[in-house]
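The values are calculated or read from the model by the stated rules, or taken from the named source; none is laboratory data. Quick caveat: nothing in here was measured; it's all calculated off a predicted structure. Every residue, glycine as well, gets a Cβ built from its backbone with ideal geometry; the counts of neighbours run over all protein chains shown. Side chains included, ligands, DNA and RNA excluded: accessible areas come from the protein's heavy atoms. Shrake-Rupley method; radii C 1.70, N 1.55, O 1.52, S 1.80 Å.
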Amino acid sequence: MAGLNLLTLLVMAVVFGTQALAACVPVPACDQMKKPPDAGCSRFTFKGSNKLVFNPERGFYRYTDTLSSAWKPLTIPQLRKYASDNYSLIFRYIVLDKFVKRNLSSDILQKITKDFITLRNAGMKVVLRFCYSIEEKNINDAPPAQLATHIQQLTPLLRKHAGVIAVLQAGFIGVWGEWYYTANYGNNGAVSSQDWKKRSQVVNQLLQALPASRQIQLRTPYYKQKILGRTSPIKSSEAFNNSQVARIGQHNDCFLGTDTDQGTYRKKTVEYLYLKKETLYLSMGGETCADNPPRSNCRTALREMAELHYTYLNIDYNQTVINDWRSQGCFNKIRSSMGYNFMGVQAQLPKKVSVGCQLKVGIRIANKGWAAPINYRSAMLVLRHVSSKTEVKSPLARTDLRRWLPGKQHNLKFSMLLPKTASLGNYQVLLHLPDGDPQLRNISEYNIVISNMIDSKNSGRRLNLVGSFTAVR
């Protein structure tokens, strides 16, 4: 080498570098999902599945409540029993009946914290609502200054444990937190301009109390329109931008109960169309409240839940309506369709990949549910060596599953470098759909699994099997 001049060394570097690069070219563009696939790509087609699987933040929920004056904590056995029956959500009333006119005690804050920890340890999430009374004759609620202090006291808890909160219903005001029977904010629907200022203040405080990643829900579409001062629904360009319009969803606690759903709608023809557009990008849920055939029968229930993109509903109320759905044959359809319901369609990946070269993978997923996921989550590709079980992981940037709208197919395109140090041999390609919250990202119960792609040999990890390839030199 001593006799080689600088020019010779440069030429050798270019030549050998080009040869090393040439070993990786052309890389099969399997991520483009072409028909037919590029040479060197394998196509995997997934068969349909009707299997109901446990998945976070969707479906029927189980109802729970507790009074601050007679606290009933959540328990791991109770929640795990729900999970074993494929319920991933609970509803939780926290009734602050002892604190209408005083600050929250450290004891009650500790009890609420323990509930959040129990939820996380059980792999469950909560539709959460605070209020001061669940008795129709007791309309006492905290006056504005006291309520504001309560929200301020709850803020650190809500932020720290936001991951297990699927959505926070505005609550606080009036009996059941439904903003109708109330001592301080306009009673029996007689709401003054001053009352609306008080109500708006509560909404603003709750949005500030929660991290921007979480939504609150209001009881009627009119409430949102009045508080935000706009009647137009959210636009796709506004969705998920952390503004107020993008963080306020809806809950209907008398779904199908009357022609107006017990006052949920003031002008149904207008407000229903508003909700159809709003709920494509915002959370929607609630409960039935009364047997009201034919409106409460399957035909209307299926149509309206699909059009309004329902994510969740109370399984425990109203039992007559729920049982009617069972006898009429639509219960299973409702259970599988609420929220997202992802199904694998196809995947393409290379048959062989040289270590140190690019691996390009395309995956097509259909959302056969009525809604998209309501909280942020992305996707990750996991390459697992069949023999050694070592893994290589690659997150997919700029993917947001909240944009996987219902009734559509969605493509994932992965391009990653297979490390030069990677073991040679056969690899499984797995799709990991973890929770978007950093505290839950590595807890398998919070992963989304796709019923026709589940890695059944390692079901506890809740990963989705895409296909396989061989790593070579």
(Q) Run the lone-cysteine check on the chain: no other Cys C-beta under 4.7 Å from the residue's C-beta. (A) CYS131
Q | Diffusion constant of segment 332-373 at 4 °C, which comes from Stokes-Einstein with the Kirkwood Cα-pair radius and 1.567 mPa s, µm²/s | A | 103
Q. What fraction of the Cα pairs in segment 362-471, stated in percent, has a spacing above 18 angstrom?
A. 50
(Q) Run the helix sum for the chain: -39,500 (n - 2.57) per DSSP H stretch of 4+ residues, divided by residue count, reported at 222 nm to the nearest 500 deg cm²/dmol. (A) -8000 deg cm²/dmol
Q. Carbon and sulfur together cover what percent of the accessible area of segment 37-178 at a 1.4 Å probe radius?
A. 51
Q. Between ARG326 and TYR272, what FRET efficiency follows from the Cβ-Cβ distance if R0 is 25 Å, with the result rounded to 0.05?
A. 0.40
(Q) I'd like the per residue volume of the convex hull spanned by the Cα atoms of segment 302-382, given in cubic angstrom. (A) 132
Q | Counting all C-alpha pairs of the chain, share separated by more than 41 Å (%) | A | 27
Q: Give me the accessible area of GLU238, 1.4 Å probe, in Å² rounded to the nearest 10.
A: 40
(Q) Keeping every protein chain present and rolling a 1.4 Å probe, give me the accessible area per residue for segment 263-329 in Å². (A) 42
Q: Mind checking the per residue accessible area of segment 144-242 for me, 1.4 Å probe, whole number of Å²?
A: 38
Q. Which loop-located trypsin sites (Lys or Arg not before Pro) does segment 24-71 contain, where loop means any DSSP state but H, G, I, E or B and the Cβ has at most 12 other Cβ atoms within 10 Å?
A. LYS47, LYS51
Q.
Give me the net charge for the shell around ILE234: Cβ to Cβ below 9 angstrom, other residues only, Lys and Arg +1, Asp and Glu -1.
A. 0
Q. Taking only the alpha-carbon atoms of segment 390-448, what semi-axes of the equivalent ellipsoid follow from 5 times the gyration tensor eigenvalues under a square root, in whole Å, largest first?
A. 25, 16, 11
**Q.** Paired Rg and Dmax values of segment 297-342, which use every Cα atom, in angstrom
**A.** 10.0, 30
Q | Quarter of Cα convex hull surface for segment 223-375, i.e. mean projection, nm² | A | 12.4
Q. Which percent of the accessible area of segment 267-325 is formed by carbon and sulfur heavy atoms (probe 1.4 angstrom)?
A. 55
Q. Roughly what % of Cα-Cα distances in segment 295-442 sit above 26 Å, to the whole percent?
A. 43
